[in-house]
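Undergrad: Just passing along the structure, written as structure tokens.
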Ligand code: SAM
């Protein structure tokens, strides 16, 4: 269970209505039952249900059960795509260990407004489901030009399906940013601007045209597999 409160020996964690409902009505837990909780910075903790009353629902932190995971500094920068698909992309990026998710608005981006709270809930749910102790940071959407201007020169792998990009022979170790375009791809001007960015390398993900969310997943999986983290 994700809790946004400190976790240390004996700490009392109060639950909000939704969490209480989930634990007591869905998971059928009661006072004295134990479960695992994390808050994204203190690792994973064994906690005991302290109070499961109508008014007050709380947990008591007992002991840490696993260290806070070392987050590999990997940003997945992706052009927002349709609702169901972006949810899936966020969930897979969290499972694959991305530390930061950055929606990038490009000329051909169809979906302009990103429902941040819904995506954050998906990221937390994905972390809970796959037992991570860190939740990827979800940044608000940025325009491509602004993102390139802010880029500090660390490796920027640009998934380019237009041909000519080399297959990935090796990734530099993190920190890294993986950039994937929208359903309609990047415009030639955008691709040019990306190539000119410091640290940018165009990469091919094979000869087939992948959906944006598939490309994001493929690029992230390739990176994680190559760095073994
Ligand atoms: N040009 C594509 C088309 O004809 O449908 C549109 C873009 S594709 C659906 C979405 C994004 O996924 C691309 O902008 C690119 O970043 C990435 N992508 C898809 N297939 C790829 C591949 N084989 N190699 C590298 N990137 C790929």
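Undergrad: Taking R0 as 22 Å, what's the FRET efficiency between residue 8 and residue 152 from their Cβ-Cβ distance, rounded to 0.05?
TA: 0.05
Undergrad: On to the next question. When the Cα centres of the range 22-99 and the range 106-129 are compared, how far apart do they sit, in Å?
TA: The two parts, judged by their Cα centres, are 17 Å apart.
Undergrad: Which distance in nm do the two modelled labels at residue 55 and residue 143 give, with both placed 7 Å along the Cα-to-Cβ direction?
TA: Output for this residue pair reads 5.3 nm.
Undergrad: Also: Extending each Cα 7 Å along its Cβ direction at residue 225 and residue 130, get the distance between those two points in nm, one decimal.
TA: 1.5 nm
Undergrad: Now for a separate question. Say we join alpha carbon atoms closer than 10 Å with springs in a Gaussian network model of the chain; which of 83, 143, 17 then has the biggest fluctuation?
TA: Taking springs between Cα atoms under 10 Å, the residue moving most is 17.
Undergrad: Does the range 53-94 come out rounded, prolate or oblate, given a ≥ b ≥ c as the square roots of the eigenvalues of its C-alpha gyration tensor, rounded meaning a/c under 1.5 and, failing that, prolate meaning a/b above b/c?
TA: Because a/c hits 1.5 or more and a/b fails to exceed b/c, the range 53-94 counts as oblate.
Undergrad: Taking a spot 7 Å from the Cα of residue 187 along the direction of its beta carbon, which residues of the range 74-88 have an amide N less than 17 Å from it?
TA: Residues 79-80 fall inside that zone.
Undergrad: Follow-up question, since we're still on this one. For residue 41 and residue 196, FRET efficiency with R0 = 41 Å and r from the beta-carbon atoms, rounded to 0.05?
TA: 0.65
Undergrad: What's the long-distance tail for the range 60-139, i.e. % of Cα pairs beyond 21 Å?
TA: Looking at the range 60-139, the distances longer than 21 Å represent 30 percent of pairs.
Undergrad: How would the range 1-119 be classified by its alpha-carbon gyration tensor: rounded, prolate or oblate, with rounded meaning a/c under 1.5 and the a/b versus b/c comparison settling the rest?
TA: Since a/c reaches 1.5 and a/b is larger than b/c, the shape of the range 1-119 is classed as prolate.
Undergrad: To the nearest 0.05, how large is the calculated FRET efficiency for residue 108 and residue 167 if R₀ is 30 Å and r is the Cβ-Cβ distance?
TA: 0.75
Undergrad: What value, in deg cm²/dmol to 500, does the helix sum -39500 (n - 2.57) over DSSP H runs of n ≥ 4 give at 222 nm once divided by the residues of the chain?
TA: That comes out to -8000 deg cm²/dmol.
Undergrad: In nanometres, what is the gap between the two model label sites at residue 67 and residue 31, each 7 Å from Cα along Cα-to-Cβ?
TA: 3.8 nm
Undergrad: Still on this structure, I have one more. Can you give the percent of C-alpha pairs in the range 153-194 whose distance is more than 13 Å?
TA: Every Cα pair in the range 153-194 considered, those over 13 Å come to 59 percent.
Undergrad: Follow-up. Working from the pairwise distances between different alpha carbons, so that the mean of 1/r is found and then inverted, what is the chain's Kirkwood radius in Å?
TA: For the chain, the Kirkwood estimate is 19.0 Å.
None of the figures in this text is laboratory data; all of them are computed from the coordinates on show. This structure is a prediction, so every number in the text was calculated from the model and none was measured. Because the Cβ atoms are built from the backbone with ideal geometry, glycine has one as well, and the counts that use them run over all protein chains shown.
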